[in-house]
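> For reference, the structure I am asking about is given below.
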Amino acid sequence: ESSNNVNSDFDHKFYAIKADHGKMLSQLGVREKIVNIISGSQLNNGSNIITSQQLLENPKKCELSGKVIKIYSPLDIEIYDQYSNRLGFAADRSLQNDIAGASFEVYGDHKFVFIPNDEGQEYVINLKGTGVGTFTLGIEDIIDGMEGASKNFINIPVDSNLLGGLDLVSSQLKLDINGDGVIDQAIEPNSILNE
């Protein structure tokens with residue numbers, strides 16, 4: 001989308017696959033492409049960069065498939081993929097995102113996460129209460145760039161003792177209400193919407 005919004009000639013637009021905007025200029029493939037453009041060299045930029053023509057011929061190269069997780073509450077999220085890459089808050093409360101193709105945005109108590117599932121990725125999702133109140137959490141499927149069904153957990157009580165996890169396979173929240181390491185509740189979504 002960012003490339004599409006740049007006023008540039010068709011043959012001067014390039015697309016970085018699974019880019020992280022904050023790290024894009026140093027991302028493998030991107031930096032080599034930049035050097036090639038500036039110096040006229042022929043460094044190998046792998047398959048991470050495609051041209052406008054390649055995108056026209058195969059739009060699926062840039063279509064997102066995955067899950068969007070939306071949190072409205074005093075609740076933190078931490079995600080690990082099958083390779084132990086992490087997305088969540090670091091000890092200093094800065095955002096950490098080591099999962100390729102994932103994104104993590106925070107606006108106050110609202111958190112928005114995208115995790116790709118286009119290559120069969122598996123995730124462990126941990127939740128932790130950070131205050132007293134209720135939380136609303138939604139999971140939305142993104143299939144080939146299009147919004148799909150959403151499953152929502154609405155007005156679930158939370159305090160700073162709450163620990164839990166989100167199981168994407170069963171679409172259940174598993175909550176440890178008092179933080180003693182024992183799951184006290186498995187909650188099904190109370191709202192399921194189709195696309």
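> May I ask you to list pairs of residues, at least six apart or on different chains, whose Cβ atoms are under 6 Å apart, with the first in region 76-104 being in contact (Cβ under 8 Å) with a residue 60 or more places away in the chain and hydroxyl-bearing (Ser, Thr, Tyr) and the second being crowded, with 16+ Cβ neighbours inside 10 Å and part of a strand (DSSP E or B)?
Once the first residue is in contact (Cβ under 8 Å) with a residue 60 or more places away in the chain and hydroxyl-bearing (Ser, Thr, Tyr) and sits in region 76-104, its partners that are crowded, with 16+ Cβ neighbours inside 10 Å and part of a strand (DSSP E or B) give Ser103/Phe114.
> So for region 64-79 (the condition being among the polar types (S, T, N, Q), part of a loop (DSSP other than H, G, I, E, B) and within 30 Å of Thr134 (Cβ to Cβ)), does at least one residue qualify?
Yes.
> Could you list, in sequence order, the residues of region 168-183 that are within 17 Å of Val113 (Cα to Cα) and either in contact (Cβ under 8 Å) with a residue 40 or more places away in the chain or more than 26 Å from the chain's Cα centre (by Cα) (or both)?
Leu168, Leu173
> A follow-up question, please. Within region 135-185, can you find the residues that are farther than 19 Å from Ser73 by Cα, β-branched (Val, Ile, Thr) and open to solvent by 40 Å² or more (accessible area, probe 1.4 Å)?
Once the filter is applied, which keeps residues that are farther than 19 Å from Ser73 by Cα, β-branched (Val, Ile, Thr) and open to solvent by 40 Å² or more (accessible area, probe 1.4 Å), region 135-185 yields Ile143, Val169, Val182, Ile183.
> Considering each residue of region 36-63, count those that are outside any loop (DSSP other than H, G, I, E, B), within 28 Å of Asp144 (Cα to Cα) and not aliphatic (A, V, I, L, M), and give that number.
Residues meeting the conditions: 9.
> With Asp159, Asp144 as the choices, which residue is in contact with a Leu (Cβ under 9 Å, 6 or more places away or on another chain) and either aromatic (Phe, Trp, Tyr) or in contact (Cβ under 8 Å) with a residue 24 or more places away in the chain (or both)?
Asp144
> With respect to the numbered conditions (1) within 12 Å of the chain's Cα centre (by Cα); (2) farther than 28 Å from Ile17 by Cα, which one is the sole condition not fulfilled by Ile115?
It is condition (2) that Ile115 fails.
> Under the condition of being open to solvent by 70 Å² or more (accessible area, probe 1.4 Å) and assigned to a strand (DSSP E or B), which residue from region 109-133 is modelled with the lowest pLDDT?
Residue satisfying both the conditions and the ranking: His110.
> Do you know which of the residues in region 80-108 that are part of a strand (DSSP E or B) and open to solvent by 70 Å² or more (accessible area, probe 1.4 Å) is nearest to Leu168 (Cα to Cα)?
The residue in question is Tyr80.
> Could you grab me the full set of residues in region 161-195 that are assigned to a strand (DSSP E or B) and aliphatic (A, V, I, L, M)?
Within region 161-195, Leu163, Leu166, Leu173, Leu175, Ala186, Ile187, Ile192, Leu193 meet the criteria.
> Scan region 37-55 and give yes if some residue there is surrounded by 14 or more Cβ atoms within 10 Å (Cβ to Cβ), of a type in the set (Gly, Ala, Ser), touching a residue at least 40 places away in the same chain (Cβ under 8 Å) and more than 25 Å from Phe153 (Cα to Cα), otherwise no.
Yes, that holds for at least one residue.
> Scan (1) open to solvent by less than 50 Å² (accessible area, probe 1.4 Å); (2) under 22 Å from the mean Cα position of the chain (by Cα) for the single condition Leu28 breaks and write down its number.
(1)
The values are calculated or read from the model by the stated rules, or taken from the named source; none is laboratory data. This structure is a prediction, so every number in the text was calculated from the model and none was measured. Ideal geometry is used to build each Cβ from the backbone, glycine not excepted, and the neighbour counts take in all protein chains shown. Each accessible area value is taken on the protein alone, full model and side chains, heavy atoms only, with ligands, DNA and RNA left out. Shrake-Rupley method; radii C 1.70, N 1.55, O 1.52, S 1.80 Å.
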